[in-house]
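Colleague: What follows is a structure written as C-alpha cells; I'll ask about it next.
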Protein chains: 2
Amino acid sequence: MTRKPALLIIDMQNDFASTHAVLPVAGAQAVITPLTQLLSLFREKQLPIFHIVRVHEPDGSDVEWFRAEMFKDKPFAVRGSHGAAVINELTPLPGEHLIEKVRMSAFIGTTLDLMLRTLGVNVVVVGGIQTPNCIRTTIFDAMAYNYVTILVDDATGAQTKEIHEANVLDMKNIGVKILNTADVAPWLDSL
Amino acid sequence: MTRKPALLIIDMQNDFASTHAVLPVAGAQAVITPLTQLLSLFREKQLPIFHIVRVHEPDGSDVEWFRAEMFKDKPFAVRGSHGAAVINELTPLPGEHLIEKVRMSAFIGTTLDLMLRTLGVNVVVVGGIQTPNCIRTTIFDAMAYNYVTILVDDATGAQTKEIHEANVLDMKNIGVKILNTADVAPWLDSL
C-alpha cells in the first residue's frame, strides 16, 4: 500500500507553550525548534499538515467536567483569545489544516479522521504537548483507527522527563514507531 | 447530582488472565481476588456490573492492523473459544452486562456509553488488565465523556510494577480517583 504521511502538531498554543503561558507545560519550550524543523520538512515535501488546537467557548460549557473548576479560576484556550492562538514560531500557513478540539484526543468530536481519510493519509507523524494526555490519547486512537503512527520523541514534551519516558515506552510497546526529528526525513524517503 | 456507580471489569479472559494464557499479562493473577471482592460488593448493592471482553472473529478481520501478524501467529480471544471466555472466578451472572470490543478502549465501537447513560450511571469503577492499554484508554475516554472515574489500583494489573505505577500517576494527574479495593465500599457509602 502506498504510504501517505501527514504531520499532526498538537496544542502548541500560547496558553500552554509560550513563556507567559497560563497553564504552562514544562517541556513545551524545548520542542519548538524540532517542530519548526518538522514543519519545514512537511512544507518542502508538500505533505498535509494539521495544526490541532484546544479551543473553548468563553463560558466554559464545552470543558471536561474534571477541568470545569480550573477553567473557572483560570480560563484557558478561549475562542478568539491570544492564548488560544498557535505560538508565533509555528503559525499555520494558508493551505494547512486547523482542527479545533474540546477533549484530549484529536479524534474525539472532530473531523480529523474524516479529513485524513479524504486526503488519503495513512501515516501520522505526531509532535507537540503533552505526552501523557493529548499526545498519547491521540496516538492510541490513531493506532485503533489503523494509522501507521510515528511519535517524534524530541518534538514531544511533558511536565517531567520521567513522565515523558514512561509514556514513550508504553507507546513503543503497542507498536508506535519512535523517531527523533533528524530521523524523520530519511524515514519519509524510505517509504 | 445523585451518583450512580457501575463496575467495569476489563479483559479478564482465559487468553490473557489464566495460568495457561496465550498472551499472558504478568499482573493478571494478582488482581483476581480483588476483582472477586469488587464483584461481591456490587452484587450485594445491586449496582450495575459490566464484563468487558475483547472478542475477535476467527479470520482476524476485526483485529487492529498493528496486531494482525501477532493474531495470525497466535490467535487470541476468538469468538466462541475457551480463550475468549471470562475466567471462571469472575463468571458473569444473569442480569450482568457483557460488552464485546475489538479495540483497547471499551468506548470504541461498543454500546458501553449508551448503556451507562440508559442506566443513569455517572460513576465508573474500573479494574482488570492491562493498565497502560485497555484500562487507560477506557479511563481517559470515560473522563472525556464526563464520568466520575475510579481506578481500583490493586484490582488492575500490567506486565510490570513500574509500568503500572507510571500509568496510575498519569491518571491521578488528570483527576482520576485512585482507590484500593478495601476503600471502595466506604467510598460508595459516602456518595
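Colleague: Give the number of residues within segment A:155-188 that are in a helix (DSSP H, G or I) and out of contact with any strand residue (DSSP E or B) (no Cβ under 8 Å at 6 or more places or on another chain). So that I can check it myself, show each step before the final result.
Modeller: Taking segment A:155-188 as the starting set, the residues that turn out to be in a helix (DSSP H, G or I) are A:161-173, A:181-188.
Next, from what is left, pick out any that are out of contact with any strand residue (DSSP E or B) (no Cβ under 8 Å at 6 or more places or on another chain): A:161-163, A:165-167, A:169-170, A:173, A:182-183, A:185-186.
Qualifying residue count for the region: 13.
Colleague: Exactly one condition in (1) within 14 Å of chain A (Cβ to nearest Cβ); (2) in a strand (DSSP E or B) is not met by B:VAL152; state its number.
Modeller: Looking at each condition in turn, B:VAL152 falls short on (1).
Conditions (1) without any contact (Cβ under 8 Å) to a residue 60 or more places away in the chain; (2) touching a Leu at 6+ places or on another chain (Cβ under 6 Å); (3) buried (at least 16 other Cβ atoms within 10 Å of the Cβ), marked per residue:
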site	(1), (2), (3)
B:MET12	no, yes, yes
B:HIS20	yes, no, no
B:VAL25	no, no, yes
B:ALA30	no, no, no
B:PRO58	yes, no, no
B:GLY83	no, no, yes
B:VAL86	no, no, yes
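Colleague: So the check is Cβ under 8 Å with 6+ separation or different chains; which pairs have a first residue in segment A:97-116 that's more than 14 Å from chain B (Cβ to nearest Cβ) and a second one that's small (Gly, Ala, Ser) and crowded, with 18+ Cβ neighbours inside 10 Å?
Modeller: What qualifies is A:ILE99/A:ALA106; A:LEU112/A:ALA106; A:LEU116/A:ALA6.
Colleague: Go through segment A:155-171 and count every residue that is away from chain B (no Cβ under 11 Å) and farther than 18 Å from A:ILE10 by Cα.
Modeller: Filtering segment A:155-171 for residues away from chain B (no Cβ under 11 Å) gives A:155-157, A:161.
Next, from what is left, pick out any that are farther than 18 Å from A:ILE10 by Cα: A:161.
The qualifying residues number 1.
Colleague: A further question on this structure: Assuming A:LEU191 fulfils every condition listed in (1) within 9 Å of another protein chain (Cβ to nearest Cβ); (2) over 15 Å from the mean Cα position of the chain (by Cα); (3) in a loop (DSSP other than H, G, I, E, B) apart from one, which condition is it?
Modeller: Result: A:LEU191 fails condition (1) only.
Bear in mind these aren't lab numbers, they're just calculated from the coordinates by the rules spelled out. Remember, predicted model here, so these are calculated numbers, not experimental data. A quick note on method: Cβ atoms are made from the backbone with ideal geometry, for glycine too, and the neighbour counts reach across all protein chains shown.
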